[in-house]
Amino acid sequence: MASNGLFIVLEGIDGAGKTTIANMLLRYLNGKRYNTIYTYEPYDSLYVEILKTKYNELRDAYLDALTYAADRVIHLKTVIKPYLEKNYIVICDRYFYSSVAYQSAQGAPLDWILEINKFALKPDIAIYLDVDPEIGLRRRRKLKSRFPEYEVLDFLVKVRNAYLELVNRGMLTLIDARREVNTVFKEVIEIVEKHLNRST
């Protein structure tokens, strides 16, 4: 296990059900009396705020990737590592895999993005909730997006392909998230329970 706790990451395009599954997982683990915390990326540090306001017109794949990497350092130092050291289960909605998927879809080399994120703590469990981009966009239609510039079908096809490349490299575990949410959640729980059983 990472540190003394358990570090779980949920990944996927918007509309894949990451936040829904994360909240279901929190309730489930809290019911079993585990100490848990939910967190997410981008972490909304000053780096990201400056990028989206002062330097928005300069944004490209490289600047975004570097900014999110800096934001990730803050996230790790202020939330993820401290809570793992207190024996919490940390459930993170997006992590460096999102940078790899989205910024490589923007045009930065996938392996370069992995290289600048080498500092990032490896999760104990990293799950990719896979949906077709059309399904993700349909599910997101009624919700306000934090990053509407990413919600374009052709772009999301590239994002999904990058995620699938990470699955092929053994960095993410794929779960078919096109199915009913309780079915998806059951599969997530099976993975988490196996890990918890191994670590006790």
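The values are calculated or read from the model by the stated rules, or taken from the named source; none is laboratory data. This one's a predicted model, so the numbers in the text were calculated from it and none came from an experiment. Glycine gets a Cβ as well: all are built from the backbone with ideal geometry, and neighbour counts include every protein chain shown.
Okay, residues lined up against (1) surrounded by fewer than 17 Cβ atoms within 10 Å (Cβ to Cβ); (2) hydroxyl-bearing (Ser, Thr, Tyr); (3) at pLDDT 95 or above:
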{"residue": "Ile135", "(1), (2), (3)": "yes, no, no"}
{"residue": "Asp154", "(1), (2), (3)": "yes, no, no"}
{"residue": "Arg178", "(1), (2), (3)": "yes, no, no"}
{"residue": "Val188", "(1), (2), (3)": "no, no, yes"}
{"residue": "Thr200", "(1), (2), (3)": "yes, yes, no"}
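Has the stretch 6-14 got at least one residue that is over 18 Å from Asn117 (Cα atoms), without any contact (Cβ under 8 Å) to a residue 60 or more places away in the chain and touching a helix residue (DSSP H, G or I) at 6+ places or on another chain (Cβ under 9 Å)?
no
For Ala120, which of the numbered conditions (1) assigned to a helix (DSSP H, G or I); (2) closer than 21 Å to Gly5 by Cα; (3) small (Gly, Ala, Ser) fails to hold?
Failed condition: (1).
Any residue at all in the stretch 139-149 that is within 14 Å of Lys18 (Cβ to Cβ), at pLDDT 95 or above and assigned to a loop (DSSP other than H, G, I, E, B)?
No, the stretch 139-149 has no match at all.
Can you find, within the stretch 81-107, the residue that is surrounded by the fewest Cβ atoms within 10 Å (Cβ to Cβ) among those that are in contact with a Ser or Thr (Cβ under 7 Å, 6 or more places away or on another chain) and either assigned to a helix (DSSP H, G or I) or among the aromatic types (Phe, Trp, Tyr) (or both)? Walk me through it before giving the result.
Looking only at the stretch 81-107, we keep the residues that are in contact with a Ser or Thr (Cβ under 7 Å, 6 or more places away or on another chain), and these are 81, 84-85, 88-93.
Now restrict to residues that are either assigned to a helix (DSSP H, G or I) or among the aromatic types (Phe, Trp, Tyr) (or both): 81, 84-85, 88.
Values: Lys81: 17, Leu84: 22, Glu85: 12, Tyr88: 20.
That would be Glu85.
Residue pairs, Cβ under 8 Å, 6 or more apart or interchain, first in the stretch 97-116 and under 19 Å from Leu153 (Cα atoms), second at pLDDT 95 or above and part of a loop (DSSP other than H, G, I, E, B). List them.
Hits for this filter: Ser98/Glu41; Ser99/Asn117; Val100/Asn117; Gln106/Asp60; Gly107/Asp60.
Could you list, in sequence order, all residues of the stretch 52-72 that are exposed (fewer than 15 other Cβ atoms within 10 Å of the Cβ) and among the β-branched types (Val, Ile, Thr)?
Matches in the stretch 52-72: Thr53 only.
Looking only at the stretch 29-67, which residues are more than 17 Å from Gln103 (Cα to Cα) and of a type in the set (Val, Ile, Thr)?
Thr36, Ile37, Thr39, Ile50, Thr53
Output the number of the condition that Leu63 fails; it satisfies all remaining conditions of (1) among the aliphatic types (A, V, I, L, M); (2) in a helix (DSSP H, G or I); (3) touching a residue at least 24 places away in the same chain (Cβ under 8 Å); (4) over 22 Å from Asn23 (Cβ atoms).
Going through (1) among the aliphatic types (A, V, I, L, M); (2) in a helix (DSSP H, G or I); (3) touching a residue at least 24 places away in the same chain (Cβ under 8 Å); (4) over 22 Å from Asn23 (Cβ atoms) one by one, Leu63 breaks only (3).
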